[in-house]
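Report on one structure; see the data block that follows.
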Ligand SMILES: Nc1nc2c(ncn2[C@@H]2O[C@H](COP(=O)(O)OP(=O)(O)OP(=O)(O)O)[C@@H](O)[C@H]2O)c(=O)[nH]1
Ligand SMILES: [Mg+2]
């Protein structure tokens, strides 16, 4: 569907066992932004989320579903969804969780910011952003993770791990999705880092992030350790290449 000057847009919603949430979130999204299409990417959820999504799709041509056979992580699901969205010719491709943490009613802010950005992030950690109902441990993990990202990668982005975002099609085409290896939540940081490294414009807009009320979290220890090891590796690589550039400059002068 068309969306002002930005062209056609779709929001990719990855799901794994979100039967308690899928109908409500898709309904809210369609009501808040009737011009945007919705692409659900379900990893064969045992709780029947995929079937419920199919029913939504049957009732609303703006909703479509991709069924994957195995749970292969958030990153893999998004890469699949992006490939489908790019092939279908969308100009704006977004990400949103199915559990209600990202409020569709705030998507208008992100769309507004995309007018002058290549990637817009709905951010918890810029002035005006907030988190509702998070235990202290989750808060510390998110803030600590973002601090680590900023220190190691030298990025200015405050919420590089956030999963509420809008990409221009041109951004996804430029950042070489074929070489993305991140499978878990570090996928978000990976794509932010690639966007920054390509010299593209990242804008953060404040959102109110609401902790999920229904269903279970998919955050696991291995998801967290993938984040730590990949970010450390990228950080060290970045420092090494900075050193090399510094040495080359000194030799040249
Ligand atoms: N297709 C697919 N979706 C996934 C996978 N892992 C997580 N998701 C979805 O990605 C979104 C974010 O996952 P959550 O479990 O809410 O992760 P979280 O927000 O860090 O954890 P909570 O704080 O408990 O909500 C949700 O819509 C999940 O259903 C996966 O392996 N495949
Ligand atoms: Mg969640």
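Could you tell me which of the residues 241, 222, 182, 229 is within 14 Å of ligand 1 (Cβ to nearest atom), free of Cβ contacts under 8 Å to residues at least 40 places away in the same chain and either part of a loop (DSSP other than H, G, I, E, B) or surrounded by fewer than 17 Cβ atoms within 10 Å (Cβ to Cβ) (or both)?
222
Sort out which residues of segment 47-75 are part of a helix (DSSP H, G or I) and away from ligand 2 (no atom under 16 Å from the Cβ), and write them in order of number.
50, 51, 52, 53, 54, 55, 56, 57, 58, 59
Of (1) surrounded by fewer than 17 Cβ atoms within 10 Å (Cβ to Cβ); (2) away from ligand 1 (no atom under 11 Å from the Cβ); (3) outside any helix (DSSP H, G or I), residue 117 satisfies all except one. Which?
(1)
For segment 199-219, enumerate the residues that are within 16 Å of ligand 2 (Cβ to nearest atom) and either exposed (fewer than 15 other Cβ atoms within 10 Å of the Cβ) or without any contact (Cβ under 8 Å) to a residue 12 or more places away in the chain (or both).
Matches in segment 199-219: 211, 213, 214, 216, 217, 219.
With the checklist (1) modelled with pLDDT under 90; (2) crowded, with 18+ Cβ neighbours inside 10 Å in hand, flag the one item residue 175 doesn't pass.
With (1) modelled with pLDDT under 90; (2) crowded, with 18+ Cβ neighbours inside 10 Å applied to residue 175, the lone miss is (1).
Taking the stated definitions as given, is residue 74 near ligand 1 (Cβ under 8 Å from one of its atoms) and under 26 Å from residue 122 (Cα atoms)?
Yes.
For residue 196, which of the numbered conditions (1) loosely packed, with under 12 Cβ neighbours inside 10 Å; (2) free of Cβ contacts under 8 Å to residues at least 60 places away in the same chain fails to hold?
(1)
Conditions (1) touching a strand residue (DSSP E or B) at 6+ places or on another chain (Cβ under 7 Å); (2) within 14 Å of ligand 2 (Cβ to nearest atom), marked per residue:
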residue	(1), (2)
84	yes, no
103	yes, yes
123	yes, no
128	yes, no
134	no, yes
148	no, no
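Say whether the condition of being closer than 17 Å to residue 86 by Cβ, assigned to a loop (DSSP other than H, G, I, E, B) and more than 16 Å from ligand 2 (Cβ to nearest atom) is met by at least one residue in segment 23-46.
Yes, segment 23-46 has at least one match.
Considering 108, 128, 184, which residue is modelled with pLDDT of 95 or more and within 23 Å of residue 12 (Cβ to Cβ)?
108
Of everything in segment 136-150, what is in contact (Cβ under 8 Å) with a residue 60 or more places away in the chain and farther than 26 Å from residue 170 by Cβ? Give them in sequence order.
138, 141, 145, 148 - these are the residues of segment 136-150 that are in contact (Cβ under 8 Å) with a residue 60 or more places away in the chain and farther than 26 Å from residue 170 by Cβ.
All but one of (1) away from ligand 1 (no atom under 16 Å from the Cβ); (2) in a helix (DSSP H, G or I); (3) under 14 Å from the mean Cα position of the chain (by Cα) hold for residue 166; state the number of the condition that does not hold.
(2)
Can you spot a residue in segment 94-111 that is more than 23 Å from residue 175 (Cβ to Cβ), within 15 Å of ligand 1 (Cβ to nearest atom) and free of Cβ contacts under 8 Å to residues at least 40 places away in the same chain?
For segment 94-111, residues more than 23 Å from residue 175 (Cβ to Cβ), within 15 Å of ligand 1 (Cβ to nearest atom) and free of Cβ contacts under 8 Å to residues at least 40 places away in the same chain: absent.
Which of the residues belonging to segment 16-48 are in contact (Cβ under 8 Å) with a residue 40 or more places away in the chain and more than 22 Å from residue 105 (Cβ to Cβ)?
Residues satisfying the conditions are 16, 17, 19, 41.
The values are calculated or read from the model by the stated rules, or taken from the named source; none is laboratory data. Since this is a predicted model, take the numbers as computed values, not measurements. Neighbour counts run over all protein chains shown; Cβ positions are idealised from the backbone, glycine included.
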